[in-house]
Ligand SMILES: Nc1ncnc2c1ncn2[C@@H]1O[C@H](COP(=O)(O)OP(=O)(O)OP(=O)(O)O)[C@@H](O)[C@H]1O
Ligand SMILES: [Mg+2]
């Protein structure tokens, strides 16, 4: 089981006559049960790709396999249970909450997926606790929340439905630094402990580097790179084009590698790891 | 939401019609309405159709866009056609179905009525596809300006109009977004009984309306923050410029009007 795109193309049609391809014959094969990161310049097609995973957008051509489900171009029917098994957190989460209160919003998914009322309430409660939403916030209407709180609520609403694959479009935007790290750690735990697949779009490599198993770089509707995050380090062309920044700790490590005769790394080191390595080298 | 609503949308393009002054397009539209009102036979309908097709070709927008604009109204058109066919008893009797008889006059009336509706929609689409909403509003405003002396609040009307024209597509997009949000969390119309379908569609209206109000509120704030005042003199970003092609465009409408009058 995995996620496979076969020659998938998509073009936005409504607005202008001559739209370029937002997805241009995408071929992609990913294993599940891992933490996957997607990066790329604005407009490179990241959000478009994500929306194909749960059938919100239907490819013009090509087939997508997700878990044991097959998504064919419309008018083929969407596979049953697709929305439940693949949860999508939108890039703009305020567009995702539509109920009167956050609590009702958290219940919406579980109730739609045929959970009993008590089961749904338990799921919503668990998700709310997981994301650190207290009762005060749960009783509020989405427009009375700060954008960071809305973000957390939107993620909780998706988690409540218990998806096997969690897809998040720039989930750390509008969060403070410590919440960012916390969120990534939580998502990573979902991946490791619950065996879920996490797919995250981000512009900040630093945030996801320690957690990422596979990184995908998108460029103008195509897949420019798939691999381990540290393998990306020599592709300065891609890094520049995608507007990324190599994590500072790695740059420091690379700079010290020759003088301190450090070994080659197969991952991005955290600052703490770097400190330990340097300490060992000097003493 | 498979068929995205096309009516009222602007489609970017570089065609002759895109470049015309919005006032001439609006004036042309009025002439066209007059011409379409005059249509009452197959021949004149044909003339109107040919003229509309020429204009459509000039927009360089594929016919499929126009067909998509007409689609949502197809039931209304069909209803009007059937109404005429069954309730007009002029001309020769062509067919008898149970208690109903179809007469040639009724058939012609029905088909002509359907044709007229279709032409209207097609032409309204030409206007909206090739003209940004705020430009339509500006053109209307400049037509209404003489009424200002009579105490008509022209500026207020124009602003209202331009805001509502501007908001129609936004509200559709909003509806689409909320629809997406609901669908991605298990909302589905398929496999539901008709009553449930209706209920769920209406349920969609609640968040759409409330978010439209919020948008209106923040728009008002944004305008105020940038010192918008009704009646204050203000320069326009896009100047309206009446060119020779505009005069020609409006004049070209005399052709269908004359032809249709002639063949009536
Ligand atoms: N609703 C839409 N209608 C028309 N074109 C669109 C629409 N949404 C996106 N596009 C276009 O499709 C392309 C891909 O957009 P997409 O939103 O997938 O980019 P992205 O990689 O998510 O960018 P960002 O990092 O800014 O979120 C862009 O060129 C964009 O202009
Ligand atoms: Mg995006």
Next item on the list: Please enumerate the residues belonging to the range A:7-28 that are surrounded by fewer than 16 Cβ atoms within 10 Å (Cβ to Cβ), free of Cβ contacts under 8 Å to residues at least 60 places away in the same chain and more than 14 Å from every other protein chain (Cβ to nearest Cβ).
Entry: A:7
Notebook entry, point to check: Within the range A:49-57, can one find any residue that is more than 14 Å from ligand 1 (Cβ to nearest atom), under 21 Å from residue A:23 (Cα atoms) and in the same structural domain as residue A:28 (by TED's automatic domain parsing)?
Noted result: yes
Check: Mind checking whether some residue in the range B:225-239 is touching a helix residue (DSSP H, G or I) at 6+ places or on another chain (Cβ under 9 Å), in a helix (DSSP H, G or I) and free of Cβ contacts under 8 Å to residues at least 24 places away in the same chain?
Finding: no
Check: Across the range A:29-48, what is the total count of residues that are near ligand 1 (Cβ under 7 Å from one of its atoms) and either free of Cβ contacts under 8 Å to residues at least 12 places away in the same chain or surrounded by fewer than 17 Cβ atoms within 10 Å (Cβ to Cβ) (or both)?
Finding: 2
Next item on the list: Please state which of the following conditions residue B:164 fails to meet, knowing it meets all the rest: (1) in contact with a helix residue (DSSP H, G or I) (Cβ under 9 Å, 6 or more places away or on another chain); (2) touching a residue at least 24 places away in the same chain (Cβ under 8 Å); (3) more than 11 Å from chain A (Cβ to nearest Cβ).
Entry: (2)
Notebook entry, point to check: Going by the conditions given, is residue B:146 over 29 Å from residue B:15 (Cα atoms) and in contact (Cβ under 8 Å) with a residue 24 or more places away in the chain?
Noted result: no
Item checked: Looking only at the range A:24-54, and only at residues there that are assigned to a strand (DSSP E or B) and within 13 Å of ligand 2 (Cβ to nearest atom), the one that is farthest from residue A:89 (Cα to Cα) -> A:40
Check: Looking at A:161, A:128, A:123, which is the one that is within 12 Å of another protein chain (Cβ to nearest Cβ) and under 30 Å from residue A:3 (Cα atoms)?
Finding: A:161
Note to self: Quick check on the range A:239-246. Is at least one of its residues within 16 Å of ligand 1 (Cβ to nearest atom) and over 24 Å from residue A:271 (Cα atoms)?
What the structure shows: yes
Next item on the list: Please enumerate the residues belonging to the range A:89-111 that are away from ligand 2 (no atom under 16 Å from the Cβ), over 20 Å from residue B:212 (Cβ atoms) and either within 10 Å of another protein chain (Cβ to nearest Cβ) or surrounded by 24 or more Cβ atoms within 10 Å (Cβ to Cβ) (or both).
Entry: A:102, A:106, A:108, A:109, A:110, A:111
Notebook entry, point to check: Just a yes or no: is a residue in the range A:138-150 in a loop (DSSP other than H, G, I, E, B) and within 14 Å of another protein chain (Cβ to nearest Cβ)?
Noted result: yes
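The values are calculated or read from the model by the stated rules, or taken from the named source; none is laboratory data. Please read these numbers as outputs of a predicted model, since none were measured by experiment. Cβ sites come from the backbone with ideal geometry, for glycine too, and all protein chains shown count toward neighbours.
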